[in-house]
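Please read the structure below before turning to the comments.
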Amino acid sequence: MADHGLAVSSAPVAEGLPLQPPLTERILARLGRPRWIWIALWVTGYQLSIIVAQAQTGLRIFPPGEDLRFYAAWGFLALVGLSAIRTVFRDVAGLQPLLDELIPPGEKAGANLFRGLDSTWGPLTIALLNAMLFSLPEFLKSPAPATAVLVLANFVSGIPAITFLWMYVVLLLALNRLGTVGLTLRPFQIDRSLGLARFGALAFKVFVLLAAGSIPMAFFGTPDLRTVVVNIGILVGASALLFVSLHRMHRQVVTAKAAYVAQARRLYAEAYASLGTPVSLHALTAQAASLNAAEALERRASTIQEWPLDEGLIARLAAIVTSLTAAILARFLLSRVGL
């Protein structure tokens, strides 16, 4: 059997069919060793084909001075995509024990939760559309074997970044489905997130990886209208999907928190009522332990984390989205005035 380079068992990530390694990992496994050579070719193939196409046809794809910056940004995006795919798949596979704890036995909504994460045709179809959008116009302007290869190279070299984008969407949709399950939440006394923090951390992690891959393209990529629209669309859509995917979990936690706070306040009221009227020092001393315990329980219940993302992560998310959007727009506007 081919070595996929991933320490993942054949057990399913959730009930249902086993999850295969993602598309890029399966391709690299088929290409064999050494892995790093194939990765280097994958990361640089599109740039090399652009150089060849420009030399053979005289077609100017980038304004002077833009080409080297684009080559570096595109290569970095592909490299981040390949690394992120491997990392995220391992993280998803490691969620199985937590899913077993939180999802009630026989809950159908949790079956095969991450289906589509290992899709082949989804990423390939989007990679083909991407190549048609960004390289087909060059072929139509100057039909030649070199520009035809350019379309093919764009398709192939876009697979890592697009496969990661596909995994991002599938993963967050899976977290949204998980929120429809009546989860067996952890006791708040031992876990302020009620067991959901790892899901929020994973969602934030894949968003940060997506943003990290986009940063060089935002600052140094080709500043044409197609790139601006696609980059801002991906950024805004990815951040919106992040919150949508966690919203149903958020509602479950809010409901549980309200019940826990009400229970703690009821216990405090009962302990206070037992003091009698008027309150005597002897009765207060006798019930001090109960009153303190009920008060501590209420304070702990009030600190339950309503989102799997804590406040610090939400603030960082807003900063990332704002900064990247501003950078993309500034890059585009400056290019319009020749700067």
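The values are calculated or read from the model by the stated rules, or taken from the named source; none is laboratory data. These figures come from a predicted structure and were not determined experimentally. All Cβ positions, even for glycine, are placed from backbone atoms using ideal geometry, and neighbour counts span all protein chains on display. Ligands, DNA and RNA are excluded from the accessible area calculation, which covers all protein heavy atoms including side chains. Shrake-Rupley method; radii C 1.70, N 1.55, O 1.52, S 1.80 Å.
In this entry, LEU113 passes the filter for residues that are out of contact with any Ser or Thr (no Cβ under 6 Å at 6 or more places or on another chain), open to solvent by less than 40 Å² (accessible area, probe 1.4 Å) and over 20 Å from ILE51 (Cβ atoms).
Of the listed requirements (1) under 26 Å from ALA84 (Cα atoms); (2) open to solvent by 40 Å² or more (accessible area, probe 1.4 Å); (3) touching a Leu at 6+ places or on another chain (Cβ under 7 Å), MET167 misses just one: (2). Just a yes or no: is a residue in segment 68-78 in contact with a Lys or Arg (Cβ under 7 Å, 6 or more places away or on another chain), modelled with pLDDT of 85 or more, open to solvent by less than 30 Å² (accessible area, probe 1.4 Å) and of a type in the set (A, V, I, L, M, F, W, C)? Checking segment 68-78: not a single residue is in contact with a Lys or Arg (Cβ under 7 Å, 6 or more places away or on another chain), modelled with pLDDT of 85 or more, open to solvent by less than 30 Å² (accessible area, probe 1.4 Å) and of a type in the set (A, V, I, L, M, F, W, C).
Would you check which residues across segment 108-144 are outside any helix (DSSP H, G or I) and in contact with a Leu (Cβ under 9 Å, 6 or more places away or on another chain) and list them? Spell out how you get there, then give the answer.
So the first thing to find is which residues in segment 108-144 are outside any helix (DSSP H, G or I), and the list is 111-120, 135, 142-144.
Hits for segment 108-144 are ASN112, LEU113, PHE114, ARG115, GLY116, LEU117, ASP118, SER119, THR120, SER135, SER142, ALA144.
Inside segment 177-202, residues that are surrounded by 22 or more Cβ atoms within 10 Å (Cβ to Cβ) and under 19 Å from PHE89 (Cβ atoms) make up a count of 3.
Among the residues of segment 287-305, just one is among the small types (Gly, Ala, Ser) and in contact (Cβ under 8 Å) with a residue 60 or more places away in the chain, namely ALA301.
Restricting ALA174, ALA161 to residues that are crowded, with 20+ Cβ neighbours inside 10 Å and closer than 20 Å to TRP307 by Cβ narrows the list to ALA174. Among the residues that make up segment 145-160, is at least one of them farther than 27 Å from THR255 by Cα and not in a helix (DSSP H, G or I)? So far as segment 145-160 goes, yes, one or more of its residues are farther than 27 Å from THR255 by Cα and not in a helix (DSSP H, G or I).
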